[in-house]
Amino acid sequence: MAATIARETLMHVVKTLPAAPQILARLGQLRLEPNADLDDVTALLKCDSALTARILRIANSPAFTSGTPYGSLEQALARVGFSEIYKIAGFATVAQISNQNLRLYGISGPGLRENSLLAALIMEELAEYAGIDAQEAYSAGLLRSTGKVALESIMRDSARKSTYSAETCGRLVDWESNLTGLTNCEAASIILTEWHFPSAIVSAIGHHYAPETATADPVMPHLLNIASGAAERAGHGFACEHPLWEPTPAKWAVAGIHEGQLKEAVRVALEQFANLRSALA
C-alpha cells in the first residue's frame, strides 16, 4: 500500500515537470527509425518553444559554432547534424529540469547541471571502451538525478521534510525511503519508464548506486557508478552521495574498462565540459 501511494504521489509530481525529457526520449527513438528525417526532428523539437530557444542558444555557443550564428532550428539541424543535436537537446533538457536548488539534498541548481553534464560526457567517452551505445550511456549520465528532482518536490510538501545530513539521517537511500517511500533511483526508474526511455537507461540509473544488484545488462550500471565517482573526484559531485562511489576491482571488471581508459575519458570530457558549462548557465 505504501509503495502504491508513493508511486501515485510521484506520478502527480511528474505531471509538473518540463516536457523536455519526454521530447528527448522521442528524439532517441527517431534515431532508430529508418524513414525519419530532419523534418520529423524539427517538428518534434518545436513542440516545446522554451526547449527550442535553449537549443538554439547552446548551438550558437563557441562549443558548437565559430561561424555565422544559426538563425533557426532548421539551420542548426542542417549544419550540426543529428548526433550533435541530440547532445545539445540533452544539455537543454537538463537545464530545464535543474532550474531550482535541491535544498533538502544540499544541491544547487548549477551544481546539478554541471554534475549531469560532466557525468554524461564521461559516460559518452567510456561507452566506446565498454562496447555499449554511446547515446544511451550519455543519456544515463545526463538524467541520473531525475529522481532527486521529483523527490525534492514531494519532500518539500511533506510535514516530515528535513535537510539531509549523513550524521543525523544515515544513508541517503534510507532517508529518502523514510520520507517518500522511494529512493531517488527507484523514482527515476519509474519516471523514465513513464517517459519511454530505453530499458538500458532505466536500469543503469535504477541500479547505479548499487550496480551489483543489476542482474540483466550490468555493464551500464557499473559504468555509471564509475563515471559518477569520476565526476565527484573532478570536483563536481554531491556530498550526499560521497560514500557510493568507492572504486573496486569488481566494478572495473564488470564495466570492462581499466583505469587508464577512465583517465583518458575524464581528460576528454573535462575539455568538452570547460567549453559547454557556460552555455548551460
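Within the stretch 138-145, does at least one residue satisfy the condition of being surrounded by fewer than 24 Cβ atoms within 10 Å (Cβ to Cβ) and touching a residue at least 60 places away in the same chain (Cβ under 8 Å)? No, the stretch 138-145 contains no residue that is surrounded by fewer than 24 Cβ atoms within 10 Å (Cβ to Cβ) and touching a residue at least 60 places away in the same chain (Cβ under 8 Å). Pairing each residue of the stretch 30-53 that is among the polar types (S, T, N, Q) with any residue that is not in a helix (DSSP H, G or I), provided the two are 6+ apart or on different chains, yields C-beta distances under 8 Å for THR52/LYS46. Pairs, please: C-beta under 6 Å, at least 6 apart or cross-chain, first residue more than 12 Å from TYR129 (Cα to Cα) and surrounded by 15 or more Cβ atoms within 10 Å (Cβ to Cβ) and in the stretch 253-279, second at pLDDT below 95 and of a type in the set (S, T, N, Q)? Correct list of pairs: ALA279/SER61.
Residue count for the stretch 210-224 satisfying the condition of being farther than 18 Å from ASN184 by Cα and surrounded by fewer than 17 Cβ atoms within 10 Å (Cβ to Cβ): 3. As for the stretch 104-125, it holds no residue that is of a type in the set (Lys, Arg) and either outside any helix (DSSP H, G or I) or at pLDDT 95 or above (or both).
Results for (1) within 10 Å of the chain's Cα centre (by Cα); (2) within 24 Å of GLN29 (Cβ to Cβ), shown as yes or no for each residue.
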{"position": "PRO69", "(1), (2)": "no, no"}
{"position": "ALA78", "(1), (2)": "no, yes"}
{"position": "GLU84", "(1), (2)": "no, yes"}
{"position": "LYS87", "(1), (2)": "no, yes"}
{"position": "VAL94", "(1), (2)": "yes, yes"}
{"position": "ASN101", "(1), (2)": "no, no"}
{"position": "PRO110", "(1), (2)": "no, no"}
{"position": "ASN115", "(1), (2)": "yes, no"}
{"position": "ILE132", "(1), (2)": "no, yes"}
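For the stretch 217-252, the set of residues classified as under 16 Å from GLY131 (Cα atoms) and hydrophobic (A, V, I, L, M, F, W, C) consists of VAL219, MET220, LEU223, LEU224, ILE226, ALA227, TRP252, listed by residue number.
Kindly indicate which of SER162, SER177 is part of a loop (DSSP other than H, G, I, E, B) and surrounded by fewer than 22 Cβ atoms within 10 Å (Cβ to Cβ). From the options SER162, SER177, the qualifying one is SER162.
The values are calculated or read from the model by the stated rules, or taken from the named source; none is laboratory data. What you are looking at is a predicted structure, and each value in this text was computed from that prediction instead of being measured. Cβ atoms come from the backbone with ideal geometry, glycine included; neighbour counts cover every protein chain shown.
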